[in-house]
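Asker: Dropping a structure here in structure tokens format, bear with me for questions.
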Amino acid sequence: MDQKLLQNLAEFFGVDRRYLLDDSAEVPDLVEAQIALLKSMREARVKNFAARQLQELSPETLAKLKEVIDKHARGDDGNS
């Protein structure tokens, strides 16, 4: 497929262009972290979150956000 087209599609949908352009079968760490966080958010019924901002965060920060959401969803907020 045309690389320019894939770059434009990635930009339009707000995803890391490596997700579409990387020939390896591995999903880049950032995209994988974004998907994991969004899944946790959906399971915890988080609403009103600007998902398009996720691309500006590091995979490590996304993992920490996921951890906080998962703890909150379990009711383990550290106040006991």
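The values are calculated or read from the model by the stated rules, or taken from the named source; none is laboratory data. Since the model is a prediction, treat every value here as computed from it, not as a measurement. Quick reminder, even Gly has a Cβ in these numbers, built from the backbone with ideal geometry, and neighbours come from all protein chains shown.
Asker: Which of the residues spanning the stretch 69-80 are exposed (fewer than 12 other Cβ atoms within 10 Å of the Cβ), modelled with pLDDT of 65 or more and out of contact with any Asp or Glu (no Cβ under 9 Å at 6 or more places or on another chain)?
Answerer: If the condition is that a residue be exposed (fewer than 12 other Cβ atoms within 10 Å of the Cβ), modelled with pLDDT of 65 or more and out of contact with any Asp or Glu (no Cβ under 9 Å at 6 or more places or on another chain), then Arg74, Gly75 are the ones that fit.
Asker: A follow-up question, please. Could you tell me which residue of the stretch 34-64 is modelled with the highest pLDDT, considering only residues that are farther than 23 Å from Arg17 by Cα and assigned to a helix (DSSP H, G or I)?
Answerer: Among residues in the stretch 34-64 that are farther than 23 Å from Arg17 by Cα and assigned to a helix (DSSP H, G or I), the one modelled with the highest pLDDT is Lys64.
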